[in-house]
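Since the structure comes first, as structure tokens, the remarks are kept for the end.
The values are calculated or read from the model by the stated rules, or taken from the named source; none is laboratory data. Quick caveat, the model's predicted, so the values are computed rather than measured. Neighbour counts run over all protein chains shown; Cβ positions are idealised from the backbone, glycine included.
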Amino acid sequence: MFSFYYEKRTAPPYLELKAEVHRIFELIKAREYEPYTSLYAMREIGNEKDQEKRERMAALVSEYGIKVLDETDEADHLAALYVQEKAISPAWETDAAHIAIATISGLDFIVSLNFTHIARPWTIERVRQVIFGKVISLSVFTNQRRF
């Protein structure tokens, strides 16, 4: 989501998603939501090759008061379980970690533009099956546009 804040592509679907991301950040600024990200997401930001983009994405975290959730053994275990139970492919372990840290932290929802691995109905259902029986609320805002 951080990278889409600075999206440069101009095709209509990208412009729409960028506008949605900006709206989310405005809601955060208005204190409608208490924002969190994870150490995993911060590592992804740190791996961005474009230095200017990397710095701008990292600045969003401090500018909007986004709290960074630390890695925990419990989240690592749950992420491994998501992979073991085929909710997430082993090739996308970081995506499993994103979902796991949100789950363990008791967050109300995940905002993701990752329509391939996170924000898709099949993944959402498989994750729910893995965590069935835990007292949590897991929702993912999803948009099924393909482009």
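Answer yes or no: is there a residue in the range 34-43 that is more than 15 Å from the chain's Cα centre (by Cα) and loosely packed, with under 15 Cβ neighbours inside 10 Å.
No - not one qualifying residue is present in the range 34-43.
Counting only residues that are surrounded by fewer than 16 Cβ atoms within 10 Å (Cβ to Cβ) and part of a helix (DSSP H, G or I), the range 6-19 holds 7 of them. Restricting 40, 64, 82 to residues that are within 25 Å of residue 132 (Cα to Cα) and in the same structural domain as residue 5 (by TED's automatic domain parsing) narrows the list to 40. Residue pairs whose Cβ atoms lie under 6 Å apart, separated by 6 or more positions or on different chains, with the first residue in the range 9-20 and outside the structural domain of residue 112 (by TED's automatic domain parsing) and the second surrounded by 12 or more Cβ atoms within 10 Å (Cβ to Cβ), are 14/7; 17/4; 18/4; 18/7. Entry remark, the range 87-106: residues being in contact with a Phe, Trp or Tyr (Cβ under 6 Å, 6 or more places away or on another chain) and hydrophobic (A, V, I, L, M, F, W, C) number 3 in total. Regarding the range 8-15, can at least one residue be identified that is in contact with a Phe, Trp or Tyr (Cβ under 8 Å, 6 or more places away or on another chain) and under 27 Å from residue 100 (Cβ atoms)? Checked against the condition, which is being in contact with a Phe, Trp or Tyr (Cβ under 8 Å, 6 or more places away or on another chain) and under 27 Å from residue 100 (Cβ atoms), the range 8-15 yields no hits at all.
Candidates in the range 21-38 are the residues that are without any contact (Cβ under 8 Å) to a residue 40 or more places away in the chain and outside any loop (DSSP other than H, G, I, E, B); of these, the one that is nearest to residue 92 (Cα to Cα) is 37.
Is it the case, given these coordinates, that residue 75 is farther than 28 Å from residue 23 by Cβ and either at pLDDT below 85 or not β-branched (Val, Ile, Thr) (or both)? Answer is yes for this residue.
Which residue out of 95, 76 is in contact (Cβ under 8 Å) with a residue 24 or more places away in the chain, surrounded by 12 or more Cβ atoms within 10 Å (Cβ to Cβ) and in a helix (DSSP H, G or I)? On inspection, the qualifying residue turns out to be 76. Per this entry, residue 49 is counted among residues that are charged (D, E, K, R) and not in a helix (DSSP H, G or I). The residues of the range 59-73 that are loosely packed, with under 15 Cβ neighbours inside 10 Å and not in a loop (DSSP other than H, G, I, E, B), listed by number, are 59, 62, 63, 67, 68, 73. Only one of the numbered conditions (1) modelled with pLDDT under 90; (2) part of a helix (DSSP H, G or I); (3) crowded, with 18+ Cβ neighbours inside 10 Å is not met by residue 102, and that is (1).
Yes or no, residue by residue, for (1) under 23 Å from residue 129 (Cα atoms); (2) out of contact with any Lys or Arg (no Cβ under 8 Å at 6 or more places or on another chain):
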position	(1), (2)
11	no, yes
25	no, yes
29	no, yes
35	no, no
51	no, yes
57	no, yes
87	yes, no
